[in-house]
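To start, the structure itself, in structure tokens.
The values are calculated or read from the model by the stated rules, or taken from the named source; none is laboratory data. Only a predicted model underlies this, so the values are computations on that prediction, with no experimental measurement involved. Every residue, glycine among them, receives a Cβ derived from its backbone with ideal geometry; neighbour counts consider all protein chains shown. Side chains are part of the model used for accessible areas, which takes the heavy atoms of the whole protein and leaves out ligands, DNA and RNA. Shrake-Rupley method; radii C 1.70, N 1.55, O 1.52, S 1.80 Å.
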Amino acid sequence: MEQFKIQSYGRTELALKYCPEISPGSAFRKLSIWIDHYPNLREQLLALGYCAKSRTYTPAQVRAIVEALGEP
């Protein structure tokens, strides 16, 4: 099994790492729901420069997601 690497990922690319068995759109929606349900994670991502129009997560944003949700 490949070790997960903290780096820049596209939104859907990262979502598919967490949910490879579902469609890309469904994976992205599921990851967004998880982010919203984890206390303060959305706010932390916004503080790190994320906005709704962002198409990628920076390495710092990926690290915040992984620290909250665990490695995919």
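Quick notes on this one:
- Charge dipole (the chain, unit charges on Cβ, about Cα centre) - positive-most of TYR18, ALA60, LEU46: LEU46
- In the context of the full set of protein chains, the chain has a per residue accessible area of 65 Å² (1.4 Å probe).
- Solvent-accessible surface (1.4 angstrom probe) belonging to PHE28, in square angstrom, nearest 10: 50
- Other residues with beta-carbon under 11 Å from the beta-carbon of ALA27 carry, at +1 per Lys or Arg and -1 per Asp or Glu, a net charge of +2.
- Surface composition of the chain: carbon plus sulfur atoms contribute 53% of the solvent-accessible area (1.4 Å probe, protein chains only, all chains present).
- In the chain, helices alone account for a calculated mean residue ellipticity at 222 nm of -16500 deg cm²/dmol, with every DSSP H run of four or more residues adding -39,500 (n - 2.57).
- Around the Cα centre of the chain, unit charges on the Cβ atoms of Lys, Arg, Asp and Glu (plus for the first two, minus for the last two) sum to a dipole of about 260 debye.
- Just checking the listed ones, TYR18, TYR50, TYR38: in the Gaussian network model of the chain with Cα springs under 10 Å, the one fluctuating most is TYR38.
- When the chain is treated as a Gaussian network with alpha carbon springs shorter than 10 Å, the biggest mean-square fluctuation among ALA15, ALA60, ALA27 belongs to ALA60.
- Among the trypsin sites (Lys or Arg not before Pro) in the chain, those located in a DSSP loop and surrounded by at most 13 other Cβ atoms within 10 Å of their own Cβ are LYS5, LYS53, ARG55.
- Computed over the chain: relative contact order in percent, which uses C-alpha pairs under 8 Å that are six or more apart: 42
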